[in-house]
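Single-structure report; data block below.
The values are calculated or read from the model by the stated rules, or taken from the named source; none is laboratory data. The model shown is predicted, which means the values in this text are computed figures rather than measured ones. Don't worry about glycine lacking a Cβ; one is built from the backbone with ideal geometry, like all the others, and counts go over all protein chains shown. Calculation scope for accessible area: heavy atoms of the full protein, side chains included, ligands and nucleic acids excluded. Shrake-Rupley method; radii C 1.70, N 1.55, O 1.52, S 1.80 Å.
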Amino acid sequence: MKALTWQGKRSVSVEEVPDPRIQEPTDAIVRITSTGICGSDLHLYEVLGPFMDKGDVVGHEPMGVVEEVGSAVTNLKAGDRVVVPFNISCGRCWMCRQGLQSQCETTQVREYGSGCAIYGYSRMYGSVPGGQAEYLRVPHADYGPVKVPETGEDERYLYLSDVVPTAWQAVKYADPPEGGSLAVLGLGPIGQMSARIGRHLGHRVLAVDPVPERRAMAERHGIETLDLDDDVAERLRQVTDGRGPDAVVDAVGMEAHGSPVAGVAHQALGLLPDAVARKAMETAGVDRLNAVHTAIDAVRRGGTISLSGVYGGTKSPLPLLTMFDKQIQLRMGQCNVKRWIDDLLPLVEDPSDPLGVLDLRTHTASLDQAPEMYEKFQKKEDGCIKVVLKP
């Protein structure tokens, strides 16, 4: 089959790889009909290369049609249309029963001290072949895949794999008070959806992004937007009675604008042998923290910051004195996709499209076009906000 493979820093290519097969009784094989390129994929493309191996199949936002199931899978059959959550969880362990599927004790990657395995996302998360491919082996298919109706465009359901539940969790973790204010930093796919969910839940949403096309998309959904500049935290305070927003979602992550020192660290990591670079990332501060610092500065005293952007360093400094003095609550983590599906499936099925899932994709491409779409997405060219590949 054809699949998109990681070849090196800023280098992915479509290659012929072996077809996946049933390996465990709880496996399924899914023929992929749509698969998204996620902002987190750009971290593999740029920063997390030391944890990748040449030829790794990438991608963690797939949906498609079940082709085959293992003998222990009774909830699915060939022909079912499914969305595959990006985190691989068993549904039976203690963590899964607490609604913490991203910490699944069955699939935890203990070698790296990581949570559950994730499709197509480096050694840190299990090196499991991903979904930017024609077919996907789905472990724990007796729990993970989400059956969706056979009718309707893929984009109505595709984002249940990651974008919509990740954004929903980000807003729930931010927990602004009823009718309160929510700032969203970054208007990539997660930020777009976080802003819409915040508004859907009745909050005043203020979203920050330097890219005009991204601000324009958010404004179509009734979101107040601000350009990114050095005074953005002060401007957020000015429009919230001088206090700052009740809650802030950081939907940017480790590659934030305006972090020159960490930018140099990223470049330096790219010059190191992989084994050395992996150790550096495990023991050094390599994240671009400008978005986090903006959130800490902007949020009101006693407010909450929710991190949904991915961070990779372990020694990145934070202004703990300010955080303590302002009595800030900080929540974060990989999304527990299955925890939120019952809340979200009715919203994406609703013909009125209350979350605007049909107004997120900006580019559709074949699998063969994926390498050029990665470059376009990373450079934010041509108004590229969300790419959906059609294998």
Can you name the residue in the range 291-309 that is farther than 12 Å from residue 247 by Cα and of a type outside the set (Gly, Ala, Ser) and, of all such residues, is surrounded by the most Cβ atoms within 10 Å (Cβ to Cβ)?
292
Residues in the range 212-249 that are within 23 Å of the chain's Cα centre (by Cα) and at pLDDT below 95: how many?
1
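Of all residues being touching a residue at least 40 places away in the same chain (Cβ under 8 Å) and among the polar types (S, T, N, Q) in the range 113-150, which is surrounded by the most Cβ atoms within 10 Å (Cβ to Cβ)? Just the residue, please.
Here is the first cut: in the range 113-150, the ones touching a residue at least 40 places away in the same chain (Cβ under 8 Å) are 115-116, 118-124, 127-150.
Next cut, among the polar types (S, T, N, Q) only: 122, 127, 132.
On the way: 122: 25, 127: 18, 132: 31.
The selected residue is 132.
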Scan (1) of a type in the set (S, T, N, Q); (2) within 17 Å of the chain's Cα centre (by Cα); (3) surrounded by fewer than 14 Cβ atoms within 10 Å (Cβ to Cβ) for the single condition residue 98 breaks and write down its number.
(2)
Output the number of the condition that residue 282 fails; it satisfies all remaining conditions of (1) buried (at least 17 other Cβ atoms within 10 Å of the Cβ); (2) at pLDDT 95 or above; (3) part of a helix (DSSP H, G or I).
(2)
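Looking only at the range 356-376, which residues are in contact with a helix residue (DSSP H, G or I) (Cβ under 7 Å, 6 or more places away or on another chain) and within 22 Å of residue 195 (Cβ to Cβ)?
Here is the first cut: in the range 356-376, the ones in contact with a helix residue (DSSP H, G or I) (Cβ under 7 Å, 6 or more places away or on another chain) are 356-358, 360-361, 363, 365, 374.
The answer is 356, 357, 358, 360, 361, 363.
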Take residues that are open to solvent by 50 Å² or more (accessible area, probe 1.4 Å) and closer than 18 Å to residue 304 by Cα and tell me which of the helices (runs of 4 or more DSSP H) falling wholly in the range 317-382 contain 3 or more.
320-325
Residues (in a loop (DSSP other than H, G, I, E, B) and either within 16 Å of residue 350 (Cβ to Cβ) or open to solvent by less than 20 Å² (accessible area, probe 1.4 Å) (or both)) located in the range 151-186
151, 152, 153, 157, 162, 176, 180, 186
